[in-house]
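The values are calculated or read from the model by the stated rules, or taken from the named source; none is laboratory data. This is a predicted model, so every value here is computed, not measured. Here the Cβ positions follow ideal geometry from the backbone for every residue, glycine too, while neighbour counts run over all protein chains shown.
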Amino acid sequence: MRYIEWLLLFVFGAVGIALSNFIGYGAGFMESLPGLLILMGISMTAVFCTKVIPVRMPVIAYCSLIGLTIASPISPVRETVISYVGAINFTAPFTIVGAFAGMSISNQLKTFLKQGWKILIVGLLVMTGAFMGSVIWSTLLLKISSLF
C-alpha cells in the first residue's frame, strides 16, 4: 500500500475511534483529537519504518516499539503523550477493530464456510483456552503479589 492509502485508513480508523469514544464514554471529539493525532503519528511512523529499516517486522511491532519508546520514562514527551492518549478510552478502538475484522473476512466468506463446523469448535477451544490461561496467569500473579 502507498502512504496515502495508509493515511486514509488511519484517518478512517481515528474517526471511528473518536465516534465510539464519544458515544460510549462521553469524551468530546476535541478532547480526543490530540491523542488520536499522536496515535496516527505513531502508526504512520511505523509504516515508514517497515519501508526503510531492513529488519523485516510487522507494522504492529514497530507501533509497539515506537509507542513504548515515546511513553517511557526516558522520553522528554512522555507526560504529554500519556495525558493526550489517556483521553481515549482503552476499549474505544475495539469497535473499529471489530468492524475492520468483519470487513476483512467478508470477502473470504466462502472459504470460511468451507471449513464447516470444525472451525467453530477450534474457535471455541482457542477462546476458552485463552480465557482460562488469562485466569490462571492473573490468579497466580495476584497470589504472588499478595505474598510480598
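One table, with the values for the structure above:
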item	result
Answer from F100, F90 - the residue that is aromatic (F, W, Y) and either touching a Leu at 6+ places or on another chain (Cβ under 6 Å) or assigned to a helix (DSSP H, G or I) (or both)	F100
Candidate set from region 105-116 (those that are at pLDDT 75 or above and in a helix (DSSP H, G or I)); member that is farthest from L36 (Cα to Cα)	K114
Selection within region 94-119 - at positive phi and among the β-branched types (V, I, T)	none
Unique match (being within 17 Å of M103 (Cα to Cα) and either of a type in the set (A, V, I, L, M, F, W, C) or exposed (fewer than 13 other Cβ atoms within 10 Å of the Cβ) (or both)) among L33, L8	L8
Given (1) surrounded by 13 or more Cβ atoms within 10 Å (Cβ to Cβ); (2) in contact (Cβ under 8 Å) with a residue 40 or more places away in the chain; (3) not charged (D, E, K, R), index of the condition M57 fails	(2)
Flag if I66 is in the same structural domain as N21 (by TED's automatic domain parsing), assigned to a helix (DSSP H, G or I) and under 30 Å from A18 (Cα atoms)	yes
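Matching residues to (1) of a type in the set (S, T, N, Q); (2) outside any helix (DSSP H, G or I):
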position	(1), (2)
M1	no, yes
L9	no, no
G13	no, no
S20	yes, no
E31	no, no
L36	no, no
M40	no, no
S43	yes, no
V47	no, no
